[in-house]
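Bear in mind these aren't lab numbers, they're just calculated from the coordinates by the rules spelled out. For clarity, every value in this text was computed on a predicted model and none was experimentally measured. We place every Cβ from the backbone using ideal geometry, glycine too, and count neighbours over all the protein chains shown.
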């Protein structure tokens, strides 16, 4: 009669040689350990176990822990932690508008000064005893240059200031910068008018000796 044990699968180490580790462990009474099994398909053999309190991938998180991709409770979402402060551009806008309005008044004053240059030159002739002032033929060009020295910088300042105000950028320095440029150009044209007068230059030249 054949025993029923023949149909059973042999146990690990049952038919191993006598000098093997399994037989030696059997003599000592220790249970032999199975060899390292290969990792299952899709698993990383070098993966480290998760730290204490961290959820395992593919399993629901521990109670009180946020799921993957979510910040802790009460914290803003990732990428939205910093909110840029909003600038209050109202004072800059008011100052810029006031400076541009002053630029318009200064342009009007430059126009009045340019138109009055012949009378101003006649007054200088009277003080120095030079007789009657006769305006040169290109006087209107000099007057036009004095006016444009304010008009052109003012237009550029207005356009640039509007663009910077719409872009929420500081614009108060734009009218100040172009006002300085306008005054420099204006006085350069005025000096050119005085230096081109021969009678006045002769008086200054002989008076210096």
Next on the checklist: Please compute the modelled spin-label separation between residue 140 and residue 113, points set 7 Å along Cα→Cβ, answer in nm with one decimal.
Outcome noted: 2.3
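Give me Rg over Rh for region 90-207, both radii from the alpha carbons and Rh done the Kirkwood way, two decimal places. Walk me through the numbers before you get to the answer.
On the way: Rg = 18.3 Å, Rh = 16.0 Å.
Using Cα coordinates only, the ratio equals 1.15.
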Item to check | When the convex hull of its Cα atoms is projected in every direction, mean area for region 129-185 (nm²) | outcome: 5.1
Next on the checklist: Residues of region 104-141 with the amide nitrogen closer than 13 Å to a label point 7 Å from the Cα of residue 203, along Cα-to-Cβ, please.
Outcome noted: 120-134
Item to check | Sorted peptide list for 128-136, 116-124, criterion being average Cβ within 10 angstrom, highest first | outcome: 116-124, 128-136
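Sort 160, 140 so the one with the fewest other Cβ atoms within 10 Å of its own Cβ comes first. Before the final figure, lay out each step's value.
Details: 160 15, 140 11.
Ascending Cβ contact count within 10 Å gives the list 140, 160.
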Checklist entry - Hey, rough spin-label estimate for residue 106 and residue 124, points 7 angstrom out along Cα→Cβ, what's it come to in nanometres? => result 2.2
